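The values are calculated or read from the model by the stated rules, or taken from the named source; none is laboratory data. The structure presented is a predicted model; accordingly, all values stated were derived computationally and were not measured. Note: ideal-geometry Cβ built from the backbone for every residue, glycine included; neighbour counts use all protein chains shown.
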Amino acid sequence: MKKRTRRRIPFDEARPEGAKGVEMTTVTDVRAEIAAQRRELAALLAELTAEQWDRETLCDGWRVREVVAHVTQPFRASLPRFLVDFARAGGNFDRMADRVARRDAARLSSAALLAAVRDNVEHPWSPPGGGLVGALSHDVIHTLDIDPWREVPVARMTLVLGGMSPRSVGYFGADLDGVRLVATDRDWAHGAGEAVHGRAQDLLMVICGRRLPPGLLTGHPAARYTG
């Protein structure tokens, strides 16, 4: 997943308030949500015009086609190919992800990228250390990069929030100093300070270092995360 910034931040050792673990969720449940998310992404992409495939996304520096190339890269690349790309990037995952997304977006057609999503809705990939919930989170976040106004189903968002940890909150280096993120659609909050309100999915994108379109966040500090 491409990060907007490399800076790390301190974070509490507790889960965000209202986030519940996913211990009681079955593997079948999570796999079903992953497949549903990918089908929805495929349906979204199928409606795009050629110009919209080249539209900028919330993922800084990536158009729709780079985001889709990144999402589908684990489905398309063999382990040896991954290791070669990783070595060429000097062992820097972010550098590798950016290079590979740009390379594949340039060489693959929109139809091929769409097919890579459609043909892999039940692909078993999961990120190292992230498990199936990590795979679901990856797909949800990057779909919101493309269309931040869409609504993530409640059960799916519950899984994503439940899989959050202090490490994942700190990973993207978003500047959350002096800010309390408060969800308007569920009992969920994170941090301490002046409140920023929004749907849980919008606050997730804030944590992921994204700048959201106007109108999705409220509160005085919201301007820090809008633009």
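Contact annotation: residue pairs with Cβ atoms under 8 Å, 6 or more positions apart or on different chains, pairing a residue in the stretch 70-84 that is touching a residue at least 60 places away in the same chain (Cβ under 8 Å) with a partner that is β-branched (V, I, T), are H70/V100; V71/V117. Would you confirm whether any residue within the stretch 123-131 is touching a residue at least 60 places away in the same chain (Cβ under 8 Å), under 16 Å from the mean Cα position of the chain (by Cα) and either assigned to a helix (DSSP H, G or I) or buried (at least 21 other Cβ atoms within 10 Å of the Cβ) (or both)? No, there is no match, as no residue in the stretch 123-131 is touching a residue at least 60 places away in the same chain (Cβ under 8 Å), under 16 Å from the mean Cα position of the chain (by Cα) and either assigned to a helix (DSSP H, G or I) or buried (at least 21 other Cβ atoms within 10 Å of the Cβ) (or both). Filtered by the rule that a residue be charged (D, E, K, R) and either under 16 Å from L217 (Cβ atoms) or in contact with a His (Cβ under 9 Å, 6 or more places away or on another chain) (or both), the stretch 172-193 gives D175, R180, D185, R186. When F86, F93 are checked against the criterion of being under 21 Å from L58 (Cα atoms) and aromatic (F, W, Y), F93 stands alone in meeting it. Scanning the stretch 193-227 for residues that are in contact (Cβ under 8 Å) with a residue 40 or more places away in the chain and acidic (D, E) gives a single hit, D202.
Only one of the numbered conditions (1) modelled with pLDDT under 95; (2) surrounded by fewer than 19 Cβ atoms within 10 Å (Cβ to Cβ); (3) not small (G, A, S) is violated by F172, and that is (2).
Just name the residue that is surrounded by the most Cβ atoms within 10 Å (Cβ to Cβ) out of those in the stretch 53-81 that are more than 17 Å from V117 (Cα to Cα) and more than 14 Å from the chain's Cα centre (by Cα). Across the stretch 53-81, the extreme among qualifying residues is D54.
Any residue that is touching a Pro at 6+ places or on another chain (Cβ under 7 Å) and within 24 Å of L45 (Cβ to Cβ) - is there at least one of those in the stretch 96-119? Looking for residues that are touching a Pro at 6+ places or on another chain (Cβ under 7 Å) and within 24 Å of L45 (Cβ to Cβ), one finds none in the stretch 96-119, hence no.
Exactly one residue among V160, V140, V206, V196 is assigned to a strand (DSSP E or B), more than 21 Å from F86 (Cβ to Cβ) and not basic (K, R), and that residue is V196.
Results for (1) at pLDDT 95 or above; (2) more than 20 Å from C59 (Cα to Cα); (3) surrounded by 17 or more Cβ atoms within 10 Å (Cβ to Cβ); (4) not polar (S, T, N, Q), shown as yes or no for each residue.
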site	(1), (2), (3), (4)
D139	yes, no, yes, yes
T143	yes, no, yes, no
R150	yes, no, no, yes
L159	yes, yes, yes, yes
G163	no, yes, yes, yes
G178	yes, yes, no, yes
L181	yes, yes, yes, yes
G227	no, no, no, yes
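Only residues that are of a type outside the set (V, I, T), in a loop (DSSP other than H, G, I, E, B) and farther than 27 Å from D98 by Cα: list them for the stretch 163-185, please. So that I can check it myself, show each step before the final result.
At the first step, the residues of the stretch 163-185 found to be of a type outside the set (V, I, T) are 163-168, 170-178, 180-181, 183, 185.
Checking the rest, the ones that are also in a loop (DSSP other than H, G, I, E, B) come to 163-165, 172-178, 185.
Result: D177, G178, D185.
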